[in-house]
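The values are calculated or read from the model by the stated rules, or taken from the named source; none is laboratory data. Quantities reported herein were computed from a predicted structural model and do not represent experimental measurements. Positions of Cβ are generated from backbone atoms using ideal geometry, with glycine treated the same way; all protein chains shown enter the neighbour counts. Remember, those area values only see protein heavy atoms, side chains included, never the ligands or the DNA or RNA. Shrake-Rupley method; radii C 1.70, N 1.55, O 1.52, S 1.80 Å.
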Protein chains: 2
Amino acid sequence: MHDIKIAFLGTGLMGGPQARRLLGAGFSVTAWNRTRAKAETLMPQGATVADTAAAAVKDADVVITMLENGVAVGDVLFDQGVAAALKKGALMIDMSSIKPREAREHAAKLEALGCRHLDAPVSGGTGGAEQGTLAIMAGGNEADFAAAEAVFKPMGRALRVGPHGAGQLAKLANQMIVGITIGAVSEALQLAAAGGADPALVREAIRGGFAGSKILEVHGERMLTRDFAARATATVQLKDMNNALDAASGFNDYQLPITTLLRDLYASLCEHGGAGVDHSGLFLEIERMNKSTDKVAFP
Amino acid sequence: MHDIKIAFLGTGLMGGPQARRLLGAGFSVTAWNRTRAKAETLMPQGATVADTAAAAVKDADVVITMLENGVAVGDVLFDQGVAAALKKGALMIDMSSIKPREAREHAAKLEALGCRHLDAPVSGGTGGAEQGTLAIMAGGNEADFAAAEAVFKPMGRALRVGPHGAGQLAKLANQMIVGITIGAVSEALQLAAAGGADPALVREAIRGGFAGSKILEVHGERMLTRDFAARATATVQLKDMNNALDAASGFNDYQLPITTLLRDLYASLCEHGGAGVDHSGLFLEIERMNKSTDKVAFP
């Protein structure tokens, strides 16, 4: 049993299994979720369930948030009374994926109240959350990161990549590479098919070389089997690309021409019937453009 | 000792070690190279050296070419008398990287002369050639590919991906993915740095997830250490992107927006002092654009 008391706010698809990992590691966890029933599923593992977010945090040493976006985090912290209810010196760890700018604002506001803040978004999906193998990208002060290491451990591999907001920036860098590499594989397989080669064999021939990537493996397979059921939607990928460009514009108007083009392509995919398909459905958008049709050919 | 007689035309940086692998596997090899001394280095392993390309092929069952580009292959085949000197039914395997259209033209011309053709470009560099671990992407008839399998085996892993030209198309697909993924990693690491995160730690944090790729590993490392000594130059990458777009325009004017943008970015890198840097130097071009300077900051 650890003596660190944790409040976990947002125990949904990701937060639920993360909180369960913390309970399994012996932490005392008070859970809160907007839909209370989702927090209650943690009671058999020993969680206490609170009626409000503010009530959940009042004795907590560490508060973890895992919410939809920056607006939701800001609302819970500053409109639902969490910030005001925090113990002096409490450490707030925001594991939601939000804009770097929002993360820096939250950190500054909490600091003014005598509290500490880390942004610590994750990559790895629900599988990673369940198995405790999430990649955790943290931004904030070194001492706060060191203090949080025992808390991160049951959830995955945490790395501090810079000051406040840097964790969110790393997450955006991750999403940029994912979104652009999906585009690379889409065009390569489309060209191969258009020229009469077998795209499945082309993928097989090139996967072991410099073209090899997780995206060629996983999303390339989805393209070949035309399995575009959403694991991450084109809409979410579009949001990520917009957030990356929004962050860049805040850094002395930093220009990212490839990300800009891909943002436009994901937007076009969404406009042509692909908003709800998997982000690997960019393959369908390249196909649609070349057939000059109004809708992507989603099965 | 195999009873297949091989003529190997072009025994340079790649062709030399490939011919050596064939000799090591017991094939009879007659070698020719424009600079004769390069062919002569194969004599201790048992190669016969011919004075002209036409003389090299006259008794050959299989002719392998490993030359600079399609123009060089066409010159050797049709201007230097190789096609005319081939035995009826001889199998010509072109392992050079040339345009798919050129490969189809060569195949048609040879077929008219009663000879067979496979395009079989490779990926894997001189290391792969020496160790016999090249990825070999073959296009042509199935029966000819089957007949060539014993010849491919000492050189690497061969896969037939479609009809004449399809091997070259697979190579272009490979180069497109490489060139675009370098762009993805460049922008992601530049954004991280511009926003005050440590790009080396960001790469470390994301490498195990969906953003993971050979390019993030190898070329990402070159970007972080600013080691842009050329393994493959920006100029060659630009040529590859142009060849991919040239091929696409021949397939009913197929549109590849991402490849088009990257072609322009590699062209801009070359124009701003980066022609001779490694293709991972696209990182420098993104940096240059944002500093509005006239030259990339090549160390």
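Do you know which of the residues in segment A:79-94 that are out of contact with any helix residue (DSSP H, G or I) (no Cβ under 7 Å at 6 or more places or on another chain) and of a type outside the set (Gly, Ala, Ser) is surrounded by the fewest Cβ atoms within 10 Å (Cβ to Cβ)? Write out each step before concluding.
Pass one, segment A:79-94, residues out of contact with any helix residue (DSSP H, G or I) (no Cβ under 7 Å at 6 or more places or on another chain): A:79, A:84, A:87-90.
Next, only the ones that are of a type outside the set (Gly, Ala, Ser) stay: A:79, A:87-88.
Numbers: A:Asp79: 10, A:Lys87: 15, A:Lys88: 7.
Of everything passing the filter in segment A:79-94, A:Lys88 is surrounded by the fewest Cβ atoms within 10 Å (Cβ to Cβ).
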Wholly within segment A:38-103, helices (runs of 4 or more DSSP H) carrying at least 3 residues that are touching a residue at least 40 places away in the same chain (Cβ under 8 Å): A:53-57
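Scan segment B:190-244 for residues that are in a loop (DSSP other than H, G, I, E, B) and more than 11 Å from chain A (Cβ to nearest Cβ) and report the count.
Residues of segment B:190-244 in a loop (DSSP other than H, G, I, E, B): B:195-198, B:207-212, B:225-232.
Then keep just the ones that are more than 11 Å from chain A (Cβ to nearest Cβ); that gives B:225-230.
Going through segment B:190-244 one residue at a time, the tally reaches 6.
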Filter segment B:244-260 down to the residues that are open to solvent by 30 Å² or more (accessible area, probe 1.4 Å) and in contact (Cβ under 8 Å) with a residue 24 or more places away in the chain and list them by number. B:Asp246, B:Gly250
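If a residue has to be over 20 Å from B:Leu23 (Cα atoms) and surrounded by fewer than 24 Cβ atoms within 10 Å (Cβ to Cβ) to count, how many in segment B:125-141 make the cut?
The total comes to 1.
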Complete set of residues in segment A:142-180 that are open to solvent by 20 Å² or more (accessible area, probe 1.4 Å) and either in contact with a Phe, Trp or Tyr (Cβ under 8 Å, 6 or more places away or on another chain) or not charged (D, E, K, R) (or both): A:Ala143, A:Phe145, A:Ala146, A:Ala147, A:Ala150, A:Ala158, A:Leu159, A:Arg160, A:Pro163, A:His164, A:Gln175
Counting only residues that are more than 28 Å from B:Gly195 (Cα to Cα), open to solvent by 10 Å² or more (accessible area, probe 1.4 Å), touching a residue at least 12 places away in the same chain (Cβ under 8 Å) and not basic (Lys, Arg), segment A:269-288 contains a total of 7
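With respect to B:Arg21, determine if the residue is open to solvent by 40 Å² or more (accessible area, probe 1.4 Å), outside any strand (DSSP E or B) and within 18 Å of B:Gly140 (Cβ to Cβ).
Numbers: open to solvent by 40 Å² or more (accessible area, probe 1.4 Å): yes; outside any strand (DSSP E or B): yes; within 18 Å of B:Gly140 (Cβ to Cβ): no.
It is false that B:Arg21 is open to solvent by 40 Å² or more (accessible area, probe 1.4 Å), outside any strand (DSSP E or B) and within 18 Å of B:Gly140 (Cβ to Cβ).
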